[in-house]
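The structure under discussion appears below in the form of structure tokens.
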Amino acid sequence: MMHCTMDDLLALRAGEGSVWARGHAAACAACRAELDALYQRVAQLKALPARHPARDRWPAVRDAVLAERRRRRSRWGIWSLAAAAAVAGLIVFRPFWTDPIAGAELARVKQESATLEEQLQRYDPDGRVTSGRAAALAAELEDRIAVIDGELGRLGSPDTETGPANLVKLWQQRVDLMQQLVSVRVTRATYVGL
């Protein structure tokens, strides 16, 4: 005698069994017992508790991202303070030189640098989306500005002999990098995803 296959029993359980399978399961005790065991297995599987992750990981991920943003902002703030201290050191500890043209050019470049710093302070990085490439470029520009700020701080100390032309050149390099950074932060971040 031929018995129902597992496919036949599954079709019977789903209510789609053939006429032969229905008749055979009704007449055959072995196939009826296998069909009952199938119903019990399905019921036991449904009775298992639902498995969920131990806890939601989103708060930990969000906290890590926010901490990284705060670290970047504080680093930028520290470098801004270092640049301001370098400027103050130059003003307080360096006597004014006799060349009025270099002094005027230096004052103009410093003012332009301060204007760009203010523009970057008004920029809201959380409200904008940037590409990975733009973020990497901004980080590289910030690092180059930090190197120039360190050099300005070193040259601004009273024990170094630096001509105004070298300071003007360094400040001009800083302004050029700041203009590039403003371009990356403000202009490129505005158009990402359009």
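The values are calculated or read from the model by the stated rules, or taken from the named source; none is laboratory data. Because the structure is predicted, anything quoted here is derived from the model rather than measured. Here the Cβ is made from the backbone with ideal geometry for all residues, glycine too, and neighbour counts use every protein chain on show.
Of the residues Arg13, Arg32, Arg62, which single one is within 30 Å of the chain's Cα centre (by Cα) and either outside the structural domain of Ile145 (by TED's automatic domain parsing) or of a type outside the set (Ser, Thr, Tyr) (or both)? From the options Arg13, Arg32, Arg62, the qualifying one is Arg62.
With the condition kept exactly as written, say whether any residue in region 37-44 is within 30 Å of Arg185 (Cα to Cα) and either over 42 Å from the mean Cα position of the chain (by Cα) or of a type in the set (Phe, Trp, Tyr) (or both). No, region 37-44 contains no residue that is within 30 Å of Arg185 (Cα to Cα) and either over 42 Å from the mean Cα position of the chain (by Cα) or of a type in the set (Phe, Trp, Tyr) (or both). Residue-level check: of (1) modelled with pLDDT under 75; (2) assigned by TED's automatic domain parsing to the domain that holds Val175, Pro53 misses just (2). Of the helices (runs of 4 or more DSSP H) entirely within region 89-194, those holding at least 2 residues that are at pLDDT below 80 and closer than 19 Å to Trp76 by Cα occupy 100-122, 132-155. Checking each residue in region 27-66 for being closer than 16 Å to Leu12 by Cα and basic (Lys, Arg) picks out Arg32, Arg41.
Out of Arg51, Arg62, Arg41, one residue alone is in a loop (DSSP other than H, G, I, E, B), over 30 Å from Arg144 (Cβ atoms) and out of contact with any strand residue (DSSP E or B) (no Cβ under 9 Å at 6 or more places or on another chain). It is Arg51.
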